[in-house]
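The values are calculated or read from the model by the stated rules, or taken from the named source; none is laboratory data. Source: prediction; values computed, not measured. Using ideal geometry, Cβ is built from the backbone for each residue, glycine included, and neighbour counts are taken over all protein chains shown.
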Amino acid sequence: MERMRLVFTDGPDTTVDGSDPAEVTRALNRAYPWPADRRWVRANMVVTVDGRAQAGDGLTHDISSIEDKVVFSHLRADSDVVLVGAGTVRSEGYHALRPRPTWRDSRVAQGRAPAPILAIVSASLDFDLDSDPFTAARTEPDVARPIILTTRHAPTQRRRQLGEVAEVIVCGDEHIDPNLLLDSLEDRGLARILCEGGPRLLTDMLAAGGIDELDLTISPMLLMHPSGGLLADAAASRRNLRLAHVLEAESTLMLRYLVDEATIPTS
């Protein structure tokens, strides 16, 4: 990445030396601020120009880019919790969230955990409990046990089994209540919430008014075949978006939208 152009809607534009990690970090800190005194939920997704959120194999890897991954990593590094649906965890092969040398020290200096916590939304609780998200915390002290957000009607025996390797939180009876989910995370001191999808979870969160910010990467490609879109289906109600910035690097566009006129400083 040779350079980035950061265009704000209400402030001076910036040209960033993309080969200088420190300069990139400063620019992204300015571009993606968090409020100091309230819960904030940002969703981060990538789509192609023709609106596809997965490649033909059903995964996001082939539609992402180096530029998208730089922003993706920054958003994770600055969050308290990464919220994701169980289907995405399985299909994308999620691992435990481990601290990285580039941001571990800064988090600890702020009095925060060395790495964000992984929070998985699931009604069925169909997980491989020997997979990395559930085993890493046993041997790695800087890795937190994941949080499982589920329903009261989830299989009781499965909830007990998961309780041995994760924190299980009930957030509804037959269906998961997005607002109860967010309240449960905030009650645990997890106010900086990064939602990574997939489409079903993003749809439910938007429909419930649970998303404050949508960080949408437009990958410079056309897949030109049917595959999954950004949302699972039409949301229950309209959501208006206000553009806060455009970040351009190597023809990839990273757009930061505030949802329903959410109020937060933009730099």
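Pick from region 204-258 the residues that are of a type in the set (Asp, Glu) and surrounded by fewer than 16 Cβ atoms within 10 Å (Cβ to Cβ): which of them is nearest to the chain's Cα centre (by Cα)?
Result: ASP233.
List the pairs whose first member sits in region 5-24 and is within 12 Å of ALA244 (Cα to Cα), whose second member is assigned to a loop (DSSP other than H, G, I, E, B), and whose Cβ atoms are under 7 Å apart, counting only residues at least 6 apart or on separate chains?
LEU6/ASP13; VAL7/ASP13; PHE8/THR266; PHE8/SER267; ASP10/THR266; GLY11/THR266; GLY11/SER267
Report, by residue number, each residue of region 19-63 that is at pLDDT below 95, charged (D, E, K, R) and outside any helix (DSSP H, G or I).
Correct list: ASP20, ASP37, ARG38, ASP50, ARG52, ASP57.
If you scan region 104-129, which residues turn out to be crowded, with 18+ Cβ neighbours inside 10 Å, within 14 Å of ALA77 (Cβ to Cβ) and out of contact with any Pro (no Cβ under 8 Å at 6 or more places or on another chain)?
ALA113, PRO116
Is it true that some residue in region 179-191 is part of a strand (DSSP E or B), under 27 Å from ALA113 (Cβ atoms), out of contact with any helix residue (DSSP H, G or I) (no Cβ under 7 Å at 6 or more places or on another chain) and not polar (S, T, N, Q)? Quick ask: steps written out before the conclusion?
In the first step, residues of region 179-191 are kept if they are part of a strand (DSSP E or B); the result is none.
Among the residues of region 179-191, not one is part of a strand (DSSP E or B), under 27 Å from ALA113 (Cβ atoms), out of contact with any helix residue (DSSP H, G or I) (no Cβ under 7 Å at 6 or more places or on another chain) and not polar (S, T, N, Q), which makes the answer no.
Select, from THR203, THR151, the only residue that is among the polar types (S, T, N, Q), touching a His at 6+ places or on another chain (Cβ under 8 Å) and over 19 Å from ILE117 (Cα atoms). Break it down stepwise before answering.
Numbers: THR203 fails: touching a His at 6+ places or on another chain (Cβ under 8 Å).
The conditions single out THR151.
Is it fair to say VAL168 is assigned to a strand (DSSP E or B), at negative phi and not basic (Lys, Arg)? Lay out the reasoning, then the answer.
Numbers: assigned to a strand (DSSP E or B): yes; at negative phi: yes; not basic (Lys, Arg): yes.
Yes, satisfied.
GLY210 - would you say it is of a type outside the set (Ser, Thr, Tyr) and closer than 28 Å to ALA55 by Cβ?
The answer is yes for GLY210.
For region 105-129, which positions are under 17 Å from the mean Cα position of the chain (by Cα) and without any contact (Cβ under 8 Å) to a residue 60 or more places away in the chain? Before you say what the answer is, go through the steps one by one.
Looking only at region 105-129, we keep the residues that are under 17 Å from the mean Cα position of the chain (by Cα), and these are 115-122.
Passing the criteria: ALA115, LEU118, ILE120, SER122.
For region 69-88, what are the residues that are assigned to a helix (DSSP H, G or I) and either more than 21 Å from ASP204 (Cα to Cα) or within 12 Å of the chain's Cα centre (by Cα) (or both)?
Answer for region 69-88, where residues must be assigned to a helix (DSSP H, G or I) and either more than 21 Å from ASP204 (Cα to Cα) or within 12 Å of the chain's Cα centre (by Cα) (or both): LYS69, VAL70, VAL71, PHE72, SER73, HIS74, LEU75, ARG76, ALA77, THR88.
Does ASP10 qualify as being farther than 30 Å from ARG138 by Cβ and part of a loop (DSSP other than H, G, I, E, B)?
yes
For region 130-150, check the following and say yes or no: at least one residue is surrounded by fewer than 20 Cβ atoms within 10 Å (Cβ to Cβ), acidic (Asp, Glu) and free of Cβ contacts under 8 Å to residues at least 12 places away in the same chain.
Yes, region 130-150 contains a residue that is surrounded by fewer than 20 Cβ atoms within 10 Å (Cβ to Cβ), acidic (Asp, Glu) and free of Cβ contacts under 8 Å to residues at least 12 places away in the same chain.
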